[in-house]
1. If you plug each phi of region 86-91 into the Karplus form 6.51 cos²θ - 1.76 cosθ + 1.60 with θ = phi - 60°, what whole-Hz ³J(HN,Hα) values come out, in order, with x for Gly and Pro?
2. Considering only protein heavy atoms and a probe of 1.4 Å, how much of the accessible area of region 58-126 is carbon and sulfur, as a whole percent?
3. Would any residue of region 16-36 have its amide N under 14 Å from a label point 7 Å out along Cα→Cβ of Asp50? List them or say none.
4. For a quick check, take a GNM of the chain with Cα springs below 10 Å and name the residue from Asn77, Asn101, Asn112 with the largest mean-square fluctuation.
5. What full-extension length gain, to one decimal in nm, is calculated for Asn108 and Lys57 as 0.36 nm per residue of separation minus the Cα-Cα distance?
6. Please give the FRET efficiency for His40 paired with Val19, using the beta carbon to beta carbon distance and R0 = 25 Å, rounded to the nearest 0.05.
7. Taking H placed 1.01 Å from N in the peptide plane, check which residues at least 5 places from Asn77 or on another chain put their amide H under 5 Å from its amide H.
8. Which of the chymotrypsin sites (Phe, Trp or Tyr not before Pro) across region 1-89 are loop residues per DSSP, with 12 or fewer other Cβ within 10 Å?
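The values are calculated or read from the model by the stated rules, or taken from the named source; none is laboratory data. All of these numbers come straight from a predicted model, not from anything done at the bench. Please note: Cβ atoms are built from the backbone with ideal geometry, for glycine as well, and neighbour counts cover all protein chains shown. The accessibility values were calculated without ligands, DNA or RNA, using every heavy atom of the protein model including side chains. Shrake-Rupley method; radii C 1.70, N 1.55, O 1.52, S 1.80 Å.
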Amino acid sequence: VLREVVFRIFAMSAEATIVNPVSGAEVWLQVIEAIGYYKHDIPLGMLEYDFTSDGPKGLRLPFDRAVSTPRMPIVANETSIGWDVLRRAIGGTLDVDVFTNIQMQVGNAPLNFTVMGRNAPVKVRL
(Lines give C-alpha, C1' and ligand atoms only; values in the text may rest on other atoms or scores of the structure.)
Protein backbone atom coordinates (compact mmCIF):
# COMPACT_ATOMS: atom_id res chain seq x y z
CA VAL A 1 0.00 0.00 0.00
CA LEU A 2 1.40 3.36 -0.99
CA ARG A 3 1.36 5.68 2.01
CA GLU A 4 3.24 8.76 0.75
CA VAL A 5 5.17 10.10 -2.25
CA VAL A 6 7.59 13.04 -2.17
CA PHE A 7 8.84 14.55 -5.44
CA ARG A 8 12.02 16.66 -5.27
CA ILE A 9 12.37 19.11 -8.13
CA PHE A 10 16.09 19.98 -7.86
CA ALA A 11 17.13 16.33 -7.51
CA MET A 12 14.51 15.22 -10.09
CA SER A 13 13.70 12.26 -7.88
CA ALA A 14 10.86 10.71 -5.95
CA GLU A 15 10.72 8.76 -2.70
CA ALA A 16 7.79 6.60 -1.68
CA THR A 17 6.70 5.18 1.67
CA ILE A 18 5.14 1.75 1.26
CA VAL A 19 3.47 -0.66 3.71
CA ASN A 20 3.11 -4.39 3.04
CA PRO A 21 -0.49 -5.43 3.85
CA VAL A 22 0.10 -9.17 3.20
CA SER A 23 0.14 -10.97 6.56
CA GLY A 24 2.58 -13.85 6.86
CA ALA A 25 4.21 -13.37 3.46
CA GLU A 26 7.58 -12.00 2.56
CA VAL A 27 7.15 -9.35 -0.13
CA TRP A 28 9.94 -7.93 -2.31
CA LEU A 29 9.46 -4.91 -4.58
CA GLN A 30 11.57 -5.54 -7.68
CA VAL A 31 10.76 -3.08 -10.49
CA ILE A 32 8.52 -0.04 -10.77
CA GLU A 33 7.72 1.91 -13.93
CA ALA A 34 5.37 4.87 -13.69
CA ILE A 35 4.12 7.83 -15.72
CA GLY A 36 2.50 10.78 -13.95
CA TYR A 37 -0.13 13.12 -15.40
CA TYR A 38 -1.81 16.24 -14.06
CA LYS A 39 -5.55 16.53 -14.73
CA HIS A 40 -5.50 13.29 -16.76
CA ASP A 41 -3.57 14.61 -19.78
CA ILE A 42 -0.69 16.94 -18.85
CA PRO A 43 2.42 14.72 -18.70
CA LEU A 44 4.67 15.44 -15.72
CA GLY A 45 7.34 12.74 -15.88
CA MET A 46 8.43 9.10 -15.94
CA LEU A 47 10.04 6.85 -13.38
CA GLU A 48 11.79 3.53 -14.02
CA TYR A 49 13.58 1.90 -11.10
CA ASP A 50 15.00 -1.60 -10.68
CA PHE A 51 15.25 -2.44 -6.97
CA THR A 52 17.17 -5.64 -7.72
CA SER A 53 20.22 -3.49 -8.45
CA ASP A 54 20.17 -2.61 -4.71
CA GLY A 55 19.91 -6.25 -3.57
CA PRO A 56 19.36 -9.63 -5.25
CA LYS A 57 15.65 -9.87 -4.47
CA GLY A 58 14.84 -6.17 -4.45
CA LEU A 59 13.44 -4.00 -1.66
CA ARG A 60 12.12 -6.06 1.27
CA LEU A 61 8.71 -5.00 2.58
CA PRO A 62 8.12 -6.49 6.05
CA PHE A 63 4.48 -6.98 7.04
CA ASP A 64 2.72 -3.91 8.44
CA ARG A 65 5.86 -1.71 8.61
CA ALA A 66 6.46 1.46 6.61
CA VAL A 67 9.47 1.24 4.29
CA SER A 68 10.91 4.17 2.36
CA THR A 69 12.33 3.62 -1.09
CA PRO A 70 15.64 5.11 -2.10
CA ARG A 71 15.39 8.28 -4.19
CA MET A 72 14.29 7.15 -7.62
CA PRO A 73 15.25 9.32 -10.62
CA ILE A 74 12.46 11.02 -12.55
CA VAL A 75 12.66 11.99 -16.21
CA ALA A 76 10.55 15.13 -16.46
CA ASN A 77 8.40 15.96 -19.43
CA GLU A 78 9.78 18.96 -21.28
CA THR A 79 6.46 20.78 -21.70
CA SER A 80 6.25 24.23 -20.18
CA ILE A 81 2.75 23.45 -18.89
CA GLY A 82 4.06 20.51 -16.83
CA TRP A 83 6.90 22.60 -15.38
CA ASP A 84 4.51 25.41 -14.49
CA VAL A 85 2.22 22.95 -12.67
CA LEU A 86 5.17 21.58 -10.65
CA ARG A 87 6.56 25.04 -9.88
CA ARG A 88 3.20 26.22 -8.50
CA ALA A 89 2.94 23.12 -6.29
CA ILE A 90 6.32 23.58 -4.52
CA GLY A 91 5.84 23.24 -0.77
CA GLY A 92 2.38 21.75 -1.20
CA THR A 93 0.65 18.69 -2.58
CA LEU A 94 -0.26 17.96 -6.18
CA ASP A 95 -2.92 15.44 -7.19
CA VAL A 96 -1.36 13.24 -9.87
CA ASP A 97 -2.84 10.52 -12.06
CA VAL A 98 -0.33 7.68 -12.19
CA PHE A 99 -0.13 4.72 -14.57
CA THR A 100 2.18 2.17 -12.90
CA ASN A 101 3.62 -1.24 -13.77
CA ILE A 102 4.98 -3.12 -10.76
CA GLN A 103 6.99 -6.33 -10.50
CA MET A 104 7.24 -7.93 -7.08
CA GLN A 105 7.72 -11.27 -5.41
CA VAL A 106 5.30 -12.56 -2.77
CA GLY A 107 6.87 -15.54 -1.01
CA ASN A 108 8.35 -17.47 -3.96
CA ALA A 109 5.75 -16.33 -6.48
CA PRO A 110 6.51 -13.55 -8.96
CA LEU A 111 3.69 -11.06 -9.42
CA ASN A 112 3.32 -8.40 -12.11
CA PHE A 113 0.47 -5.93 -12.17
CA THR A 114 -0.61 -2.58 -13.56
CA VAL A 115 -2.31 0.11 -11.50
CA MET A 116 -4.00 3.32 -12.61
CA GLY A 117 -4.25 5.70 -9.66
CA ARG A 118 -6.31 8.87 -9.92
CA ASN A 119 -5.58 11.97 -7.84
CA ALA A 120 -2.71 10.41 -5.89
CA PRO A 121 -1.40 13.09 -3.53
CA VAL A 122 2.28 13.85 -4.20
CA LYS A 123 4.22 16.23 -1.98
CA VAL A 124 6.33 18.61 -4.09
CA ARG A 125 9.58 19.87 -2.57
CA LEU A 126 12.61 21.77 -3.84
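1. For region 86-91, the Karplus curve yields 5, 4, 5, 8, 4, x Hz.
2. The C+S portion of the solvent-accessible surface of region 58-126 is 55 percent.
3. Residues 30-33 fall inside that zone.
4. Of Asn77, Asn101, Asn112, the most mobile in the Gaussian network model is Asn112.
5. My answer for the length gained is 17.3 nm.
6. 0.40
7. Amide H neighbours of Asn77: Gly45, Met46.
8. Loop-located and lightly packed - Phe10.
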